[in-house]
Amino acid sequence: MKLKVSRFIAILLLVIPGLLATYGFLEIKNSIYDYIVTVGNTEIENQIQWGRLIIGIVSFLIGVGFIGGWIFFRDQKRNYVAPRFKQKKD
């Protein structure tokens, strides 16, 4: 039973940053899309939503960075990386 709980927690540790990266990507996409849609419309002021774009970029980078770092350190522990990334043994 303890193994199942620990594996479930490990999956959650990867799903949560994945959802954060997905949310960030969608915010980036939506802010750029909303800007492009309003380019030709003279009735609406044409401005990009900077807050939404920056929140999207930050959350995307945090999510992808966490997952990428987790994969890198797992591969480094199992010696799947290139020689320049291997840990130096003293």
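For this structure, a couple of remarks:
- Apolar share of the accessible surface for the chain: 67 percent from carbon plus sulfur atoms, 1.4 Å probe.
- Relative intensity, log₁₀ I(q)/I(0), of the chain from a Debye sum that treats every alpha carbon as a point, q = 0.14, 0.23, 0.25, 0.26 Å⁻¹: -0.70, -1.04, -1.10, -1.13
- When Rg and the Kirkwood radius Rh are both evaluated on Cα atoms of the stretch 46-90, their ratio Rg/Rh stands at 1.32.
- Heavy-atom accessible area per residue - the stretch 20-90, 1.4 Å, Å²: 82
- Computed from Cα atoms, the angle from the helix 50-77 axis to the main principal axis of the chain rounds to 20 degrees.
The values are calculated or read from the model by the stated rules, or taken from the named source; none is laboratory data. Small disclaimer: the values here were computed from a predicted structure and weren't measured. For the accessible areas, the whole protein counts, side chains as well, though only heavy atoms, and no ligand, DNA or RNA atoms are used. Shrake-Rupley method; radii C 1.70, N 1.55, O 1.52, S 1.80 Å.
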